[in-house]
1. How far, in nm, would the chain grow between LYS579 and GLU383 when pulled straight, counting 0.36 nm per residue and subtracting the alpha carbon separation?
2. How would you rank 659-669, 902-912, highest first, on the average number of other Cβ atoms within 10 Å across their residues?
3. When a/c is below 1.5 the answer is rounded, else prolate if a/b is larger than b/c, else oblate, so apply that to the stretch 72-173 with a ≥ b ≥ c taken from the square roots of the Cα gyration tensor eigenvalues.
4. At a temperature of 25 °C and a viscosity of 0.890 mPa s, determine how fast the stretch 142-283 diffuses translationally according to Stokes-Einstein, using the Kirkwood radius over alpha-carbon pairs as Rh; express D in µm²/s, rounded to the nearest whole number.
5. Could you tell me, in Å, what Rg and Dmax come out for the Cα atoms of the chain?
6. Might you report the magnitude of the Cβ-based charge dipole of the stretch 340-501 about its Cα centre, with Lys and Arg at +1 and Asp and Glu at -1, to the nearest 20 debye?
7. If you scale each eigenvalue of the Cα gyration tensor by 5 and take the root, what three semi-axes come out for the stretch 391-450, rounded to whole angstrom and sorted largest first?
8. For the chain, what does the helix formula give at 222 nm: sum of -39500 (n - 2.57) over DSSP H segments with n ≥ 4, over the residue count, nearest 500 deg cm²/dmol?
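No value in this document is a laboratory result; all are computed from the given coordinates. Since the structure is predicted, the reported quantities are computational estimates derived from the model, not experimental observations. Positions of Cβ are backbone-derived with ideal geometry, glycine not excepted, and every protein chain shown enters the neighbour counts.
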Amino acid sequence: MTNATFLDKIAQTIIDNYSDKLSDLIVVLPNKRAKVFLIEALKNKVENTIFSPQIISIEEFVQDIADIRSIDSIELLFEFYEVYLSVTDIQHQQTFELFANWAKTLLQDFNEIDRYLLDPKHVLSYLKDIEDIKKWGIEVENKTKLLENYIDFWKLLPNYYESLYNHLLQKGIGYQGLIYRQAVENLNHFSNSIGEKQFLFAGFNALNASEEKIVQHLIASDCAKIYWDVDSVFLNDPYHDAGLFVRRFKESWKYYKTNPFEWIVNDFSQSKNIKIIGTPKTIGQAKIAGSIIEKLIEEDAISLNKTALVLGEENLLVPLLYALPSTVGALNITMGYSGKNNPAQILIAKLFKMHTNALSRSGDSYVFYYKDVLDILTHPLVEPYANTSKLVNIIHQNNYTFITHKKVLELNDNPSELFVLLFQKWDNGSISILETLSNLLLIIKSKLNNDNEEEKITKAFVYSIFKIINKLINYYSQHHHIDKIETLHAIYKQIIDLAEVSFEGEPLNGLQIMGVLESRVLDFETVIVTSMNEGKFPAGKSMNSFIPYDVKRELGLPTFKEKDAIYTYHFYHLLQRAKNIYLLYNTESEGLDGGEKSRFITQLEVEKQPNHTLTHEIRNSEVPLIAYEPIVIPKSEKAMMRLREIAEKGFSPSALTSYIRNPIQFYFQKVLRISEVEEVEENIALNTLGTIIHGTLEALYLPLIGKFLTVDDIKNCIKLIDEEVLKQFKEVYKEGEVKKGRNLLAFEVAKRNVYNFLKLELKEIEDGDAVKIIALEKTYERILEHPSLPFPVLIKGNVDRIEIRNGKIRIIDYKTGKVEARDVTLKQWNKLTSDIKSDKIIQVLAYAFMYEPHLQDQEMEVGILSFKNLKAGFMPFNFKVDKMETAVINEDISVNYIEQLVLLLNEILDKDIVFEEKI
């Protein structure tokens with residue numbers, strides 16, 4: 001197999017046939033990218049210094065003939081809206097956002113009509129006639145206003161086309177189709193003015209009617225040559241789509257009746273190693289592509305600049321960049337990347353959301369929703385540069401749900417320039433908003449480092465959106481009639497679909513990452529193609545057009561059949577001269593990125609060439625034999641030191657139950673001191689509700705400590721419930737919204753719980769209970785010394801309430817959740833520390849243990865009062881053997897409890913017993 005690429009052959013042809021008139025030669029290629037490669041090929045063919053011929057893309061060439069400046073799709077949409085307003089009755093005029101929905105499709109149809117040199121009046125009136133036929137069955141009197149407007153729309157299409165065409169022509173600007181039509185009209189004048197110039201067309205496949213006419217005219221004028229790159233395998237097979245267009249040209253062009261068709265090559269049938277690899281999901285393909293590159297580099301089997309990684313789907317770019325090995329070094333990305341997935345665009349979209357939500361808040365106050373604020377502050381383009389971590393913490397700690405604009409600025413006492421722009425009010429018109437966004441992107445761009453490959457790519461993302469914003473500023477300065485923030489947002493959403501990020505790297509150096517269209521004319525030794533699924537590659541049958549399929553067929557406009565043939569040619573051209581080919585596809589047929597295996601793969605298998613080696617494999621991620629290994633952490637010297645420190649400062653009852661529940665949880669929270677991440681509670685959490693109820697009861701009973709409770713005392717407490725619950729909410733829930741939505745329900749639940757508790761207390765006092773409160777929310781501690789313990793251990797905890805009731809000490813632990821009497825009943829001591837269901841018993845007996853030294857020959861009981869089970873009243877700890885129950889804490893209970901506590905502490909403090917996760 002020859003190593004000569006198509007561009008090598010073109011370079012040789014230029015030197016052989018045009019060396020004496022290079023300054024008059026213009027080489028026309030399908031795209032700009034191939035120019036660099038052709039210059040390189042020329043450089044390798046000559047030893048002396050020469051002037052390079054002029055090398056341009058077909059679009060630049062056609063623009064030169066037409067002498068009209070090309071405008072982008074965004075500018076075109078604005079120009080069309082201007083025309084639309086001028087030719088549409090004022091009562092039928094639509095807003096820009098409604099207009100843009102159908103205008104984008106209509107402009108594509110105008111473009112096709114012009115590129116294929118069709119009579120616009122004929123095509124567009126054809127569409128109107130079709131719609132008339134569809135509505136024939138409806139009587140005149142039954143036609144609604146909506147239906148009449150619909151028919152009128154189709155009648156207006158020729159007028160829209162003509163007005164837009166003339167409007168653009170007058171300005172000397174145009175879309176691609178208009179430029180092509182004008183170029184054909186200008187052909188004779190152009191060919192008379194070219195003098196000695198010669199044209200060489202190279203590497204084309206599908207030509208539209210305008211391009212055909214231009215090329216054939218120049219060939220007939222004897223000032224141009226065209227060189228195709230088609231393989232005999234595709235050309236000679238009447239059914240192979242890769243040769244569809246070239247077969248048509250070979251048969252229909254008058255020039256080929258008497259002249260040879262150049263070039264037909266025989267490269268595809270040469271020896272090739274084709275590996276077809278299926279794997280689940282997009283990310284799987286990215287990882288496999290990365291591992292293929294890594295393996296090839298390790299084997300030193302390839303030169304990276306002769307390797308192409310072709311992405312059948314642009315969304316694969318970012319995961320692929322993370323999957324590439326660091327040994328790749330230089331890489332060149334040449335492809336369009338959707339504006340929708342651009343990180344800078346996502347930031348702008350979040351800003352629109354935050355500010356439009358803020359503007360829609362009640363009254364004149366500019367109020368941000370906390371989630372919108374956090375979305376901005378934690379965005380990867382903001383967080384590293386805006387110095388906002390302190391503000392994020394304040395929002396979390398103070399439970400801000402809604403924050404005024406003024407408060408945001410107050411909370412950040414040292415705002416960066418970037419921060420000020422992010423939270424600048426959007427109440428001064430669209431131009432002001434766009435200028436803020438433009439400055440914002442400029443600051444972010446200035447923070448990015450050009451030496452870092454990742455930041456270089458991010459810079460390209462930011463710059464592409466910066467250009468879009470600046471275009472909008474330019475358009476808005478001319479179109480003052482669309483100045484609402486909602487309209488601006490709608491326009492932004494419309495145009496971002498049209499905005500692609502273009503990456504341009506060093507084409508001759510390193511791994512080439514490209515889209516399918518960027519691979520035209522180029523040849524590589526090793527090719528890796530991703531997303532080889534139906535609907536992705538080829539792209540499928542979606543036709544975004546007002547012109548029906550059968551009408552397109554009749555008029556000679558391209559349909560999905562021609563679109564498929566273009567993809568087929570590109571695919572097979574990629575394979576044509578390659579030696580090693582890797583085709584990756586998603587094995588999952590369902591889901592957003594799913595789809596069955598591409599027909600191109602099946603075609604390669606069915607029409608297998610004798611010299612091709614095809615292998616097919618499915619790669620699934622490895623499933624471990626054991627689903628999950630519990631975490632095991634040995635006790636290091638530092639861990640033992642920390643445990644001794646805890647023993648000195650005090651083990652709380654909740655720490656002991658935390659260890660029984662899960663030793664790893666105990667290790668993280670108590671040994672490593674890792675606290676849970678603080679987050680804004682938009683809706684009040686159960687533990688917050690518990691804190692509020694505890695706090696309310698403490699505040700209500702505090703003045704009553706040390707005296708016997710009376711009926712009047714409790715009635716007085718009942719009167720204060722509303723006021724005290726609200727006060728506790730403000731204290732615990734801080735800046736959170738209390739009197740709305742679910743939080744209002746939680747507020748009422750807290751009040752109801754406190755009220756029900758006080759009603760129970762009232763009834764018991766009325767029934768004759770003598771109750772004196774000794775302590776509320778008080779911390780008690782007691783040192784546990786035991787011969788088997790390595791050192792004394794302090795047991796320390798907070799007791800909710802201690803009272804003397806009818807001469808007996810009662811220690812009460814409040815629980816906001818549901819607890820039943822069986823939860824505080826124990827039948828066997830040896831199950832106390834091994835059964836997590838005994839956690840409440842361990843806690844209440846710990847309170848008894850800590851309070852025991854304070855007893856003065858009194859009986860003591862400990863238990864739980866459950867707010868969700870108040871009808872059960874106070875539930876004391878019970879030790880039950882056979883039918884014997886003991887509720888009073890006696891010496892036997894104390895001794896047995898201490899014995900079990902020592903066993904548990906010995907396990908915690910034994911350096912040879914690891915912390916092992918319970919799953």
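1. Stretched out fully, the LYS579 to GLU383 stretch lengthens by 65.9 nm.
2. In decreasing order of mean packing, 659-669, 902-912 become 659-669, 902-912.
3. oblate
4. Here the translational diffusion coefficient equals 124 µm²/s.
5. Cα-based Rg and Dmax for the chain come out at 39.3, 125 Å.
6. Its charge dipole is roughly 200 debye.
7. Over the Cα atoms of the stretch 391-450, the ellipsoid semi-axes are 24, 17, 8 Å.
8. Calculated at 222 nm, the ellipticity per residue is -15000 deg cm²/dmol.
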